[in-house]
Amino acid sequence: MTTPDHQSPASRPVVPATRDRIYRSPMGLVGGVLVLALVIWLGCDALFRGHGRVPWLALAVMILVVPLVTAFTLRPAVFANQERLRVRNPFRVIVLPWGELATLRSGYSNEALATSGTKFQLWAIPVSLRARKRAANKRAKAAAQAARGAQGGNRFGGVFGGGGAGAFGAAEAVDAPVRAETDKIMDDLRDLHERHGEAEHAQGEITTRWSYEILIPALAGAVLLAILLITG
């Protein structure tokens, strides 16, 4: 008599961890570095050359502003692999297993909608209406060129037997749509969700964590600045 082979949880094969795909805003990174450089330069100048209460005010402003600028420019990122979506926003880190994600929406902002109905904005993937407009204009131009190519091929096809070339060029132009970069990123995330949303290794609970490494210094700077202004 044989008994069924039941594997204990410890003996089951572990799904190998996959490397994260990391999505960030290049313009946010560049802007953050420039703003931080300006704040530190002006703050250090006031700190070392200022007189009276100026150095203390400069110190308080730097302690307040540097974490906030970092939070809104350098910190936001989205990490995605086969198991989950991890969203690092300015003041929170959200871990969303694919099984708990209902959909990814793109409007005036990009959002992840959990099955519970909770919305999480993806700060690292901002929507650019200008980029969408440029992509739409390129699609329109490509469609117009494809239509002209098809008409030209049909016009000369009867004489030279080359009518198929214009139609092929039209189909090739239409089948290669132009998309804004952030819309392409959202398409990649939707593809990961569709492929792994039902997988066993992509199940779990949504977790959120406040970014105290940003909040505590900013709060300390705000308190110090308020004390200096009140006692001044």
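The values are calculated or read from the model by the stated rules, or taken from the named source; none is laboratory data. Because the structure is predicted, anything quoted here is derived from the model rather than measured. Virtual Cβ from ideal backbone geometry, glycine too; neighbours counted across all protein chains shown. With ligands, DNA and RNA removed, areas are computed over all heavy atoms of the protein, side chains included. Shrake-Rupley method; radii C 1.70, N 1.55, O 1.52, S 1.80 Å.
Give the number of residues within the range 178-201 that are more than 20 Å from the chain's Cα centre (by Cα) and either open to solvent by less than 60 Å² (accessible area, probe 1.4 Å) or of a type outside the set (D, E) (or both). Result for the range 178-201: 2. Once the range 88-111 is narrowed to residues that are of a type in the set (A, V, I, L, M, F, W, C) and farther than 27 Å from I216 by Cβ, the residue that is nearest to the chain's Cα centre (by Cα) is L104. In summary, helices (runs of 4 or more DSSP H) completely within the range 128-232 and bearing 1 or more residues that are modelled with pLDDT of 85 or more occur at 181-196, 212-231.
Pairing each residue of the range 41-56 that is aliphatic (A, V, I, L, M) with any residue that is exposed (fewer than 13 other Cβ atoms within 10 Å of the Cβ), provided the two are 6+ apart or on different chains, yields C-beta distances under 9 Å for A46/V54; L47/V54. Within the range 189-232, the set of residues being of a type in the set (S, T, Y) and over 30 Å from R53 (Cβ atoms) comprises T207, T208, S211. Looking only at residues in the range 48-84 that are assigned to a helix (DSSP H, G or I) and open to solvent by less than 20 Å² (accessible area, probe 1.4 Å), which one is farthest from G232 (Cα to Cα)? Result: A71.
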